[in-house]
1. Write down Rg/Rh for the stretch 1-61, rounded to two decimals, with Rg from the C-alpha atoms and Rh from the Kirkwood relation over Cα pairs.
2. Under a point spin-label approximation (7 Å from Cα along Cα-to-Cβ), what is the T51-A129 distance to one decimal in nm?
3. With a Förster radius of 30 Å, plug the Cβ-Cβ distance of D20 and E137 into 1/(1 + (r/R0)^6) and report the FRET value to the nearest 0.05.
4. Which entry in (1) 13.8; (2) 8.8; (3) 12.9 matches mean projected area of the Cα convex hull in nm² derived from the coordinates of this structure?
5. Expressed as an acute angle from 0 to 90° and rounded to the nearest 10, what is the orientation of the C-alpha long axis of helix 87-99 relative to the principal long axis of the chain?
6. Determine, from the Cβ-Cβ distance of T44 and D88 and an R0 of 25 Å, the FRET efficiency 1/(1 + (r/R0)^6), rounded to the nearest 0.05.
7. Using θ = phi - 60° and the Karplus form 6.51 cos²θ - 1.76 cosθ + 1.60, what ³J(HN,Hα) does each residue of the stretch 103-120 get, whole Hz, x for Gly and Pro?
8. Figure the gain on full extension for C74 and L37 (residue separation times 0.36 nm, minus the Cα-Cα span) and round it to one decimal in nm.
Amino acid sequence: MPQTEKTARQDWVSLLAKADPGALRALMPGLPQHEILRGPEIGTVMVRGRTNGTGAPFNLGEMTVTRCSARLACGAVGHAMVQGRDRDHALRAALGDALMQTGQSEAYREATLAPLQRAATEARQTRAAKAAATRVEFFTLVRGEDK
């Protein structure tokens, strides 16, 4: 399957799904007028992996997820699937997806998505710094008989 370029929607849906639920709740304290179309429902999905990232796929195990679909009063529909059993997180992520498809998208991006993106970038940099601190440099000395 060829690698395709990520769309803007994939980026914001991913950001909302991976966001800390408490941070999302703090940035989005009130919910817009909405109708729940599906869920929030808790279930499991099979997680698949690949050897070296490119080899044959194999089933790694199951993961608990919560999914939700919601429609705003204006008709925009949003979907979300988040890791774990947090129904509120799934609902807020679905509503965020729907809001990004409306005229309120820029205001929502600045008020909610930008702080979430900064937090995600900071967490990624912290993880990278911790990993770099444990890096071991190996080197080989040339021995006389190797000439």
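Values quoted throughout were computed directly from the atomic coordinates according to the rules given, and no laboratory measurement underlies them. Note that the coordinates shown come from a computational prediction; the quantities given were computed from them, not determined experimentally. Here the Cβ is made from the backbone with ideal geometry for all residues, glycine too, and neighbour counts use every protein chain on show.
1. Numbers: Rg = 16.6 Å, Rh = 15.5 Å.
Computed over Cα atoms, the ratio is 1.07.
2. 3.8 nm
3. So, using R0 = 30 Å, E works out to roughly 0.30.
4. Evaluating mean projected area of the Cα convex hull in nm² on these atoms matches (1).
5. The angle comes out at about 80 degrees.
6. That gives a FRET efficiency of 0.80.
7. Along the stretch 103-120, the couplings run x, 8, 4, 5, 5, 5, 4, 5, 7, 10, 5, 4, x, 5, 5, 4, 5, 5 Hz.
8. Stretched fully, the C74-L37 segment lengthens by 11.9 nm.
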